[in-house]
Amino acid sequence: AVAALRGFGKRFFLTVALSGVVGVVLAGPAAVERMTHLDLQASRWVPWLDMTTLFRFFPVFGSGIGTFGAAYWPYQRNAVYEFWQHAHNEYLEWGIEAGLVGIGVLFLVLQSVRREFRLADYGRLAGQCAVIAFMVQGTLDFPQRIPANGALLVCLMAATTERRPSRS
């Protein structure tokens, strides 16, 4: 953790921490109350372990993009009275829906975008914070499925990235 802190820099770490505190304050008392009473074991870990059984049935090509709810319903064992439309974990849901082939394609697309674009000097910290916040939120929720979140991320990335200079 200390090496990671040195790699990113203290200023970056403090910016992320301060952004988190501001986010909690702006969320209001209802959000704070919900977070203090959240039982991660029952509301996330147990269902996630149950969802991993889907990898046995759809390992290579996945169940299909957007089919998580329909694919999970027949195999759900943890709470049969609940219908889980989403996994509340983007990484797990992508793995189930896209399979190994889809995850491989996703990495190839991200790699080509990384080769073509870079974070501009003037917006590097904002761009890094936006991507990290989006990725962290994706572990406990499904922010990419909410159009306003996706639009905000696209706007931030458009404002903070620039095309890499050609090598020719």
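Overview of values
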| read-out | value |
| --- | --- |
| Those residues of region 103-152 which are assigned to a strand (DSSP E or B) and of a type outside the set (D, E, K, R), in sequence order | Phe117, Leu119 |
| Of the criteria (1) at positive phi; (2) open to solvent by 90 Å² or more (accessible area, probe 1.4 Å), which one His88 fails | (2) |
| Of all residues making up region 102-144, the number that are surrounded by 16 or more Cβ atoms within 10 Å (Cβ to Cβ) and farther than 26 Å from Ala17 by Cα | 1 |
| Check on Arg56, out of contact with any Gly (no Cβ under 8 Å at 6 or more places or on another chain), modelled with pLDDT of 80 or more and over 27 Å from Ala158 (Cα atoms) | yes |
| Sole residue being open to solvent by less than 60 Å² (accessible area, probe 1.4 Å), under 18 Å from Arg145 (Cα atoms) and among the β-branched types (Val, Ile, Thr), chosen from Thr53, Thr67 | Thr67 |
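The values are calculated or read from the model by the stated rules, or taken from the named source; none is laboratory data. Since the structure is predicted, the reported quantities are computational estimates derived from the model, not experimental observations. Using ideal geometry, Cβ is built from the backbone for each residue, glycine included, and neighbour counts are taken over all protein chains shown. Keep in mind that these areas ignore ligands, DNA and RNA; they rest on the heavy atoms of the full protein, side chains included. Shrake-Rupley method; radii C 1.70, N 1.55, O 1.52, S 1.80 Å.
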